[in-house]
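**Student:** Sharing a structure here in C-alpha cells format.
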Amino acid sequence: MNVFTTDHPLMTEPSAFARRVQRRLLNLVVGYLLYVLSLGPLFALAGRGGLDFVPESVGRAFLLPATPVVLVPGLRNLYRDYLDWWYHDPNDPYSSPDWR
C-alpha cells in the first residue's frame, strides 16, 4: 500500500455535520467582523446627531455585541482609531487643526 496516495485508510472526509458546523462558524465569524466594521459609519452618524431620535437603551443594546473587541487591550486602540477615522469630533482639543 502506498501511504502517499489520497486513498489512505486513515484519511477520511469530514462528516456532513462537521462541514455544516464549520460553515456556520465561518459565517458567524465573517458576520461578526462585518457587524463590527459597520459600527464605524453608525458611530459617525450618531456623533453628528443623526440618530438622536433613537432611545439611548436601544443604542446601547446595538453596541453591546462590540464589547469583546473593546475589552481586548491591543484591539481597543485600533478599533478606537477606526471609529475616529469615520468621525472626527470638532470639539476634540487633541485633534490636528489641519484635519479635513
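Readers should treat all values here as calculations from the given coordinates under stated rules, not as data from a laboratory. Just so it is clear, the model here is predicted, and its values are computed rather than measured. With ideal geometry, Cβ positions are generated from the backbone for all residues, glycine too; neighbour counts draw on all protein chains shown.
**Student:** Given the alpha-carbon gyration tensor of segment 17-86, what are the semi-axes of its equivalent ellipsoid in whole angstrom, ordered largest first, with each equal to the square root of 5 times an eigenvalue?
**Tutor:** Gyration-tensor ellipsoid for segment 17-86: 27, 16, 11 Å.
**Student:** Still on this model: Given the options LEU33, LEU51, VAL72, identify the residue whose Cα lies farthest towards the positive end of the charge dipole of segment 17-86 (+1 on Cβ of Lys, Arg; -1 on Cβ of Asp, Glu).
**Tutor:** Ranked along the dipole, the leading option is LEU33.
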